[in-house]
Amino acid sequence: MSASGLRPIVTELRLSAFKTHRRAAFPLGPLTLIAGPSGSGKSGVLEAYAALARLAGGQRLEEVFHDPAGYIPRRARPDGQGRRGFRIGCTVDGPVGPVRLDVAVQAEPELRIVGERMTGAGETLLETALRDPGRRRVQAAWHTAGAVAVTRAPLPDDRLATALLPLRVAGKTEGQRLALAAAEQVVVALRSVFVCDPRPERMRAPAPPRDGRLRGGCENLAAVLRRTSRECGTRHAALVAAVRAGCAGPVEDLFTEGPAGGVVRALLAQGELGAMPVERLGDGELRYIALALVLLTGPGVLEMDPAADVLSARQALTVLADGFDRCLDRRQARALLRVAARMCARGHIRLVGTVAEAPVADPPGAEEATGTTVVHLGCERGTRVPTPR
């Protein structure tokens, strides 16, 4: 059973062959920081996670991998048929127990899934293989444990078979029900993802008032603040307290005005100093506010696509934040880490963020104080050997 009870969670990400990574496995806790210098492959870890999330949501390969050759390991050589590709996977814990999903993608000469395997409860629950390169199909076999051990059928080679399984399996046997439960566990965990990288240059523009679901770049920050301040006073007060810890000068409130001219502006109330328009803040302060808002809100306020037919109480939101400490000074980085640790400890939200070697990744006692899993990457080319703290 996962630490979050009924909520399926991704506990490990595997990059067997992906960009600069080879044979790499990344343990994921409630709050995970991927630390390392520029060029160490930090962003690639989040790219792989986000790609699995989009595939679990039913997107086609070409929608997920726009530049397939860019994901092939740099030293990978083509086989006799000129084929090259990459491999990624994950482990999802939940009611079924640990379930492993591994996917092999051919990037050249054609983009296609050439192999997929889902295992759990001591069984191979789903397996696909490319049998005929001339046809855009893979041969799939899933666990049945009825009159026959497995059921076989062709599936498209541009979709994740695990996400398609509920459409093909009736669940008449115990084996089929196990396979369906495992597939649901994987899909629910992977789809409950919000990819976030606040863009200060876009956040300075006022936002239309109806734009109330926060985008990944947080350019509609003002409109979302207008919505959240009205919907939940307790969470808004927590946000103001967090902003007070991360912004210079006095902060009494964070409020919005408008719509004037059809747009909403966000402002900081600074006591006798008056109101400071948020667009005048520095890049670090803007990113800090946006990330604090993401951590203190829920999937209903974020522009994401969770599993609609599963209760929110059975889903744990995972935030993928590339450059979690980008533009932040030491004080801001530590304050934001405290917010993240407090929210992740509750079990309904998880965070995987990339950071530089300092200041967030390794302040004295940070891991012990916050329960943070820190994975350090080196700058050596080729195989990555992550070292969890």
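The values are calculated or read from the model by the stated rules, or taken from the named source; none is laboratory data. As the structure is a prediction and not an experimental result, all values here were calculated from the model. Cβ placement follows ideal geometry from the backbone for every residue including glycine, while neighbour counts extend to all protein chains displayed. The area values use the complete protein model at the heavy-atom level, side chains included, leaving out ligands, DNA and RNA. Shrake-Rupley method; radii C 1.70, N 1.55, O 1.52, S 1.80 Å.
Of note:
- Accessible surface, per residue, of the chain when the full set of protein chains is kept, probe 1.4 Å, Å²: 43
- Take the Cα of ARG136, step 7 Å toward its Cβ, do the same at ARG330, and the gap between the two points is 5.6 nm.
- Accessible surface ranking that places the most exposed of SER38, SER43 first, with a 1.4 angstrom probe: SER38, SER43
- Normalising the average separation of contacting C-alpha pairs (under 8 angstrom, six or more residues apart) by the number of residues puts the relative contact order of segment 130-229 at 17 percent.
- Normalised by 2.2 N^0.38 Å, where N is the number of residues, the alpha-carbon radius of gyration of segment 107-249 equals 1.60.
- Against the chain, whose longest principal axis is taken from its Cα atoms, helix 283-296 shows a tilt of about 60°.
- Note: relative contact order over the chain, using C-alpha pairs below 8 Å and six or more positions apart, is 22 percent.
- Kirkwood Rh and Cα Rg combined as Rg/Rh, the chain: 1.01
- Rounded to the nearest 10 degrees, the inclination of helix 233-246 to the longest alpha-carbon principal axis of the chain is 80 degrees.
- The chain: most fluctuating residue of PRO299, PRO133, PRO73 per GNM, C-alpha cutoff 10 Å: PRO133
- Label-point separation, ARG177 to ALA245 (7 Å along Cα→Cβ), nm: 4.6
- Cα long-axis angle, helix 174-191 against the chain (0 to 90 degrees, to the nearest 10): 30
- Segment 222-288: relative contact order as a whole-number percent, Cα under 8 Å and 6+ apart: 26
- Taken about its Cα centre, the chain carries a charge dipole of about 640 debye when Lys and Arg each add +1 at the Cβ and Asp and Glu each add -1 at the Cβ.
- Among 288-295, 96-103, the peptide with the highest mean count of other Cβ atoms within 10 Å heads the list, and the full ranking is 288-295, 96-103.
- Carbon + sulfur, % of accessible area of the chain - ligands and nucleic acids excluded, 1.4 Å: 50
- GLU201-ALA237 FRET efficiency (beta carbon distance; Förster radius 30 Å; 0.05 resolution): 0.55
- Taking each residue as 0.36 nm, the span from ALA129 to ALA145 lengthens on full extension beyond its C-alpha to C-alpha distance by 3.7 nm.
- Under a model in which nothing but the beta-carbon of Lys, Arg (+1) and Asp, Glu (-1) is charged, segment 144-283 shows a dipole of about 500 debye around its Cα centre.
- In summary, the convex hull built on the alpha carbon positions of segment 42-161 has an orientation-averaged projected area of 8.6 nm².
- CD proxy at 222 nm, helix term only [per DSSP H run n ≥ 4: -39500 (n - 2.57); per residue of the chain; nearest 500]: -8500 deg cm²/dmol
- Model label zone, SER38; criterion: amide N under 17 Å from point 7 Å along Cα-to-beta-carbon; scope segment 324-348: 324-328
- Gyration tensor (alpha-carbon) shape descriptor, segment 177-245, a/c threshold 1.5: prolate
- Packing order of peptides 156-167, 275-286, highest average first: 156-167, 275-286 (average count of other Cβ atoms within 10 Å over each peptide's residues).
- Once the gyration tensor of the Cα atoms in segment 1-86 is diagonalised, the equivalent ellipsoid follows with semi-axes of 26, 17, 12 Å, ordered largest first.
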